[in-house]
1. Kirkwood hydrodynamic radius (Cα pairs, Å) of the stretch 328-393?
2. Once the Cα atoms of the stretch 525-637 are picked out, what are the Rg and Dmax in Å?
3. Multiplying the sequence separation of Asp71 and Lys652 by 0.36 nm and subtracting their Cα-Cα distance, what value in nm do you get?
4. Tally Lys and Arg at +1 and Asp and Glu at -1 over the other residues with C-beta under 10 Å from the C-beta of Ser364: what net charge comes out?
5. Please express the shape of the stretch 285-412 as an equivalent ellipsoid: the semi-axes are the square roots of 5 times the eigenvalues of the C-alpha gyration tensor, given largest first in whole angstrom.
6. Taking Cα atoms of the stretch 611-736, Rg/Rh with Kirkwood Rh, to two decimals?
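Laboratory data are not the source of any read-out in this text; all were calculated from the coordinates shown. All of these numbers come straight from a predicted model, not from anything done at the bench. Note that each Cβ is placed from the backbone with ideal geometry, even for glycine, and that neighbours are counted across all protein chains shown.
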Amino acid sequence: MVKTGFDPATYRLNLHLHSLISSGRLAQARALFDRMAAHRSNAFSLSPYSRSGQIAAAHSFFLSSPPRLRDAVTWTVMMGALAAAPGRATDAVSLFRDMLREGVSPDGVCVSTVLNVPVAAYSTTASLHPFAVKLGLSSSVVVCNTLLDAYCKHGLLAAGWRVFDETPRRDAEGLHGEALDLFADMRRAGLGATQFTFSSMLAVATGVGDIRLGRQVHGLVARAASECNVFVNNSLLDLYSKCDCIGEMEKLFDEMPERDTVSYNVVIAGYAWSRCAGTVLRLFREMQVLGFDRQAWPYATLLSFAGSLPHIGIGKQIHAQLVLLGLSSEDLVGNALIDMYTKCGMLDAAKTNFAKKNDKTGVSWTAMIAGHVQNGQQEEALQFFRDMRRAGVSPDRATFSSIIKASSSLAMIGLGRQLHSYLIRSGHMASVFSGSALLDMYAKCGCLNEALRTFDEMPERNSISWNAVISAYAHYGQAKNAIKMFEEECMKYFELMKHEYGISPWKEHYSCVIDKLGWVGRFDKVQKMLSEMPFGDDPIIWSSILHSCRIHGNQDLARVAAEKLFSIGPTDATPYVILSNIYVKAGKWEDAARVKKAMRDRGLRKESGYSWVEFKQKIYSFSSNDQTNPMIAEIKDKLERLYKEMDKQGYKPDTSCALHQVDDDLKFESLKYHSERLAIAFALINTPPGRPIRVMKNLSACLDCHAAIKMMSKIVNRDIIVRDSSRFHHFKDGVCSCGDYW
C-alpha cells in the first residue's frame, strides 16, 4: 500500500463523498470535502455534480477549490460539464483560456473536449492546432480526428484535408473500409460494442449511403440496450435522414425517450430536404418552447429551407434572430443568408450580407455567383468571378458549374474555353457534373462538334449528360440523330428510373421527354405522358408543346396548350403570338384576329426582339433598326453590299414577315435591319475571314431572316450559327441544319 501510494482513509472518505453527492445531499458533501486531506481528488468530486444536473454548484465548487488541486483532468471534467449544459458552451471555452493562464498544460483529451464545444469559433480551432503541435499532440489520432471534424464544420475543407494527410496513422474513423474490417474482426472476437463503436459504424453507413448496413447496425443497437442512448439515436437519425428514409427517421424520433438539440437539428434538416414545410416549422417552434440553447438552433438549415421554398418572410425572421444573438457574421450562417436572399430574388440584400463578411471563403463567392446566375444576371456573375480570382480565392466544382452556366446563357464561347482549360489543369474534369456542364455550354454556344467531343471523352455519364447531348442534337435540327439518341438512351433512362430503381421522375424529366417527342411530332405519346404525369400544369412543358405544335401545324393541341398558358401566366404575350401565327399560317385569319384582340384587351404587348454577339469577351446587343451602335453606318453599308450580291443570286424578300400594312418596298425596308442581321454584319466587320459567327436572339427568327442568312453564309463563306428562342440554326454554304423546319 505504501509503495503504490494507496491511502485507505482517503479511499473511504471519497466513497462517502460520492454517496452524499449521488443522493443529492450537496451541502453535507461540501462540508465533508472541506475537511478532507490535501490529496483529495477534485475530478472525482465534480463528476456526480455534473451528472445530477447541478452545473452551477459544480462550477462554484470548482472555482472555490485551491489552484493546486485543479489538474488537467479536473479542468477537462468541468469544461465537458459546461459544454454539455444548455447555454453554457461559451463558458467552457472561457474556462479553457483560464486554465492556460493558470499555467496548466492540457492533454489530448482536454484539447479534443474544447474543439468539440458547439460554439467553438474558427479562431479557437485555428489557435489550438499549432498549440497541439507544440505540445506533441499532433500524433494523437483522437486530436487529429477532432481537428479534422472542427475544420470541416467551419467549411475549411482545405485545412481539413491537410490534417487528414498529415495524420501519422489514419484510424477507422478516417477510412470506411478499414472501419468495416475492424468492426467485423471485433464481432468475430466476441468483443462487445460501445456507444462510440455503434456511432462510428453508423457514420460509415451514412458516409457511403449504405442503408442496409445502417439497418443492421440499428438491429445490433436494439439488442445492446445498455448502449442505446441519445448519442447513438442521433447517429441513427442522421443515417435515416441522409438516406432519405423519412418514415424510419420519424418513427425513431417519436420513440426516443430522450432528445437533445442535435436530435432536433438532424430531424429538421431531414424534413427540410424533403420540403415538409409544416413539419419543419412545427419542430422549430417545439425547440423554442423546450428552451434549448438558441445558439445551437439549426439556423443554416432553416435559411436554406426558406430559400428553397422560397419564403422571404421566414428568412427575414431567422435573420433577425441571428442579429440579436450576434451570429449573423459567423461563416456558416453568413453563407446561408447570402444563399437565402439570392434564391428569394433579393440580390441587394445578398450583396449587403456578402460585403459584411470579413472572411469571404470560396463558399461565399460561389453563393453570390450562383445567385446572380439563377436570377438571370449573368454579367454580374462574371464580374463576381473575376473579383474572386483577384482576391486569390480558388474556385471549386460548384463555382465552375455556376460560371459555366453564365457563359452558356451569354454564349461567351471564349470564356467557356478558358474555363474548360482551367478545369483540366485543376483536375475537375473527371467529375461527371463538370463534363455535363461543359457539354451543355458548348451546345448552347453553337459548337456541336466540341459538345460531342466532350461527351465522347467523359469517363462517366449520367442522365444529365444524355439529356444534354440529346438536346444539342435536337436544337441543331438534326432530327435523325436526335431520334436515334432519344430512342436508345432517353426513354431507356426514363423507364429505368421508374420501374427498375423505383425513382419517381421530376417535372424536369417529363419536360425533357415531352419536348423531344413533340419536336419529332409524336403527339400521341405526348398526350399519353401528359395523362400519366403526377403534376399540375407546368408552364415549361406547355410552352414546349405549343412550340412543337407551331412546327407541325397541330392547331387543336396548340389551342389547348395556349389556353393552359393563358391561365398559368396571364401577363405573358408569347403564347398569344405563337397561336396567332399558327392560325395565320393555316389561313385562319378570323381566329388569328380574335387571338390578337384578346391580347390587346388584356393590355399585353409582344416582347421586343434583340440579338447579341460576343467580341473580345464583350457583349454587343442590337435591336431592330438599331441606331445606338457607334459603327451603325458601317454596319448598314456592309448589309447594303450584301443585299446587292444576294439580289444577283436570286434573293427575294418574304414581305409577309413585315408587320406593317404598307407597300412592299417599305416592308422590305423594315426587314433589312432586323436585329440578327445587324449583329451578323457587326461580326463580319470585326472578325477575321473564315472565323465562325455566333449570334444569339431572344425570339424566333422570322422566315425572311432565315432565308437571308442562308444566302449570306454562302456569299461570305462563313459558318453562321444563330441561336433563337427555339433552337440553333447552323448556316453553311447556303444550307441550314434545321432543314428549313423549325
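1. Working: mean 1/r = 0.0874 Å⁻¹.
Taking every pair of different Cα atoms in the stretch 328-393, averaging 1/r and inverting gives 11.4 Å.
2. 18.3, 56
3. Working: separation 581, 0.36 × 581 = 209.16 nm, distance 9.74 nm.
Additional length available on full extension: 199.4 nm.
4. That works out to -1.
5. Values: eigenvalues 164, 46, 25 Å².
Whole-Å semi-axes of the equivalent ellipsoid: 29, 15, 11.
6. Numbers: Rg = 13.5 Å, Rh = 14.6 Å.
Using only Cα positions, Rg/Rh for the stretch 611-736 is 0.93.
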